[in-house]
Amino acid sequence: MYKKDDYVVYKHDVCKIKDVKENRLMGNTYYVMTPIDDDTLIIDIPIENRMGFLRDVISSEDAEKLINKISKIQPLDNINDKNIEMKYKELLNAGGHENLIKIIKTTYLRNEDRINNKKKISEKDNTFFKLAEKYLYNELSVALNKSVEEVKKYITEKVSK
């Protein structure tokens with residue numbers, strides 16, 4: 001059971017538990033939490049977590065291992081503009097940090113290629129890039145006790161070595 005001020009991942013968003021309350025009418029206990037990047041949103045979820053939407057934040061050790069293997073994670077291949085959105089959604093829905101990295105790498109490379117060929121960047125790629133970055137960096141920032149900007153810089157330094 002989590003307690004007040006713990007960080008958890010709800011679906012894809014990193015949230016801070018603000019309180020644990022009992023609903024005597026319904027006979028259950030639930031978490032009151034807010035996403036770390038939107039404290040105006042309040043999420044109530046039963047502590048039973050029957051749907052499996054709630055999980056622990058990655059540990060700092062696992063975060064370091066993940067960062068160290070980023071350069072080995074390959075972007076998507078055999079994709080085209082017709083099936084790319086479906087592929088991105090599949091990876092997001094499957095969960096997993098490596099899938100987020102695949103999306104980030106694929107979208108970055110596709111947009112870089114477009115820029116180099118003097119084309120406009122793809123809105124789909126840009127949208128999924130930002131989403132995957134948000135999910136990954138928010139969680140890593142909590143795990144490593146750094147700001148999102150510090151995590152981005154840290155990863156860039158580690159990957160460029």
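The values are calculated or read from the model by the stated rules, or taken from the named source; none is laboratory data. None of these values were measured; they are calculated from a predicted model. Ideal geometry is used to build each Cβ from the backbone, glycine not excepted, and the neighbour counts take in all protein chains shown.
Okay, here's what the table says:
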| read-out | value |
| --- | --- |
| Selection within region 1-38 - under 16 Å from Y135 (Cα atoms) and of a type in the set (D, E) | D13, D37, D38 |
| Tally of residues being within 23 Å of K153 (Cα to Cα) and modelled with pLDDT under 95 across region 88-102 | 1 |
| Enumeration of residues in region 23-36 that are loosely packed, with under 13 Cβ neighbours inside 10 Å and touching a helix residue (DSSP H, G or I) at 6+ places or on another chain (Cβ under 7 Å) | none |
| Filtered residues of region 1-49 (kept if assigned to a loop (DSSP other than H, G, I, E, B) and hydrophobic (A, V, I, L, M, F, W, C)) | M1, L25, M26, I36, L41, I42, I47 |
